[in-house]
Amino acid sequence: MRVSEDEEQIEPEVLPLDGWHRARGARMVPFAGYDMPIQYEGILAEHEWTRNHAGLFDVSHMGQLLLTGEGLDAAIEALLPIDLATLKVGQQRYSLLLDDNGGVLDDLMVQRWPDAIYLVVNGATKWDDIGHLREHLPDEIGLNHLDDQALLALQGPEAATALARHAVGDHSLDTLTFMQFGSFTIAGHPATISRSGYTGEDGFEISIPAEAAETVADLLCAEPQVKPIGLGARDSLRLEAGLPLYGHDLSPETSPIEAGLTFGINKRRRIEGGFPGADRILREIAEGTARKWVGLALDGRQAAREGAEVFAGSNAVGSVTSGGFSPTLGHPVAVAYVDVGHAAEGTALEIEVRGKPLPARVVPLPFVQHRYRRKGTTQ
């Protein structure tokens, strides 16, 4: 996970768990306007621990927003390509904030609360998102930035076992399946817990009061299944899971369709439109795109990083948006936008790294299969 020069020059904000991370030996780096833990004992060890046990990630840099008011559904549907009529209380859905040309301003999560809509937006874009929403939402829609809330992600095959010992609610944590949420308490503190995350593993995201963050983190990390995990492993885990990272794989220069996010344009909205960039996006759904976001597998140990050019013979056909070594697979992987004519599975390509061509081939995403706890499956 690289940090821009601009981020290095700005005095970072402080996470509720800043001291907690430092006391545990975390290496802290500026990211999304905060000092963030990039690793504790090492990215590889933390990656493998999360895949096999459970890792606790501090994602409190992300923006938690609560929208309320008369006509809320219609106001949100004017900005997001989501069908809120099919989103029931207790459900969560992935969606996209789009500009008028169909470019991605952010990707985000949407929860239906009884009398409100709750959004989780990316940390690096949250202030722009808040400004965009306030500018485009009607005056009668209230927007509350929940900056007094922390957000923790507990991810991995043993996450449910560890969290169930502490989460108390009207129903069992086990009743939640992927993209569902509920109200609980942890050590007497209110917690909204969703069964979701960005590692490809089963897991949970836990919104709690900031003053409770240290208590909850201590309780969870006292469980034998749980260790604190940094941003470095979060990045390698999400890459293996084929999940795009805003600002790298998604931007205003990319459309959801070429990024493989057509599922984020809900079915009714593909028919009716009525959201920013709908003309372009509906045309791309019908006619296809000139380029496509694909997975690439590389041989050897050398990884291709963001910005590396992709070639078919002597012709440049795309560029890498994220790349790194896959601990699970034992070889480097990357994702790239390439011309659609070179996007078919099995296509042989080359990636130029430090003037040297590295052989690569197009492979399906995700690189490592998701292990979400979906409805109808058992633990």
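General remarks:
- Relative contact order (%) - the range 119-206, alpha-carbon pairs under 8 angstrom, separation at least six: 26
- 13 Å beta-carbon shell around ALA241, net charge (K/R +1, D/E -1): -1
- Amide H partners (placed H, <5 Å) of THR321, local residues excluded: GLY307, VAL335, ALA336, TYR337
- Potential lengthening of the chain between GLU345 and GLN369 amounts to 7.0 nm, from the contour at 0.36 nm per residue minus the alpha-carbon distance.
- Alpha carbon centroid spacing (whole Å) that separates the range 348-379 from the range 167-220: 29
- Computed from the alpha carbon positions, the gyration tensor of the range 290-367 leads to an equivalent ellipsoid with semi-axes of 17, 14, 10 Å, biggest first.
- Annotation for the range 151-233: GluC sites (Glu not before Pro) lying in DSSP loop with at most 12 further Cβ atoms inside 10 Å of their Cβ do not exist.
- The lysine pair count for the chain, using Cα distances under 29 Å and pairs eight or more places apart or on different chains, is 10.
- Packing-based exposure ordering (other Cβ within 10 Å, fewest first) of ILE82, ILE38: ILE38, ILE82
- DSSP-assigned coil residues among trypsin sites (Lys or Arg not before Pro) in the range 291-336, each with at most 10 further Cβ atoms within 10 Å: ARG301
- Of the GluC sites (Glu not before Pro) in the range 276-351, those whose Cβ has at most 16 other Cβ within 10 Å and which sit in DSSP loop: GLU345
- Along the range 141-147 the Karplus relation, 6.51 cos²θ - 1.76 cosθ + 1.60 evaluated at θ = phi - 60°, assigns HN-Hα couplings of 8, x, 10, 10, 7, 7, 6 Hz to successive residues, with x for each Gly and Pro.
- Converting phi to 3J(HN,Hα) with the Karplus coefficients 6.51, -1.76 and 1.60 and the offset θ = phi - 60°, the range 355-360 yields x, 10, x, 9, x, 8 Hz in sequence order, with x at every glycine or proline.
- Relative to the 2.2 N^0.38 Å rule of thumb, the range 72-216 has a C-alpha radius of gyration ratio of 1.08.
- Mean sequence separation of contacting Cα pairs (under 8 Å, at least six apart), scaled by the length of the range 290-367, corresponds to a relative contact order of 38 percent.
- HIS331 long-range amide H proximity, modeled H, under 5 Å: SER326
- A simple charge model with +1 on the Cβ of Lys and Arg, -1 on the Cβ of Asp and Glu and nothing else charged puts the dipole of the chain at about 1500 debye relative to its Cα centre.
- Mean-position separation - Cα centroids, the range 82-139 and the range 9-28, in angstrom: 28
- Within the chain, antiparallel bridges make up roughly 95 percent of the DSSP beta bridges whose residues both belong there.
- Only one item in (i) 20.5, 63; (ii) 23.6, 76; (iii) 19.5, 65 matches Rg and Dmax of the Cα atoms in Å derived from the coordinates shown, and that item is (i).
- Mean separation of Cα contacts under 8 Å (6+ apart) over length of the chain, as relative contact order %: 17
- Dmax and Rg, reported as Rg then Dmax, of the range 159-280 (C-alpha, Å): 18.0, 52
- Under 14 Å, Cβ to Cβ, from ASP202 - net charge with Lys/Arg +1 and Asp/Glu -1: +2
All of the numbers you see were taken from the coordinates with simple rules; none came from a lab. Worth saying up front: this structure is predicted, and the values here are computed from it rather than measured. With ideal geometry, Cβ positions are generated from the backbone for all residues, glycine too; neighbour counts draw on all protein chains shown.
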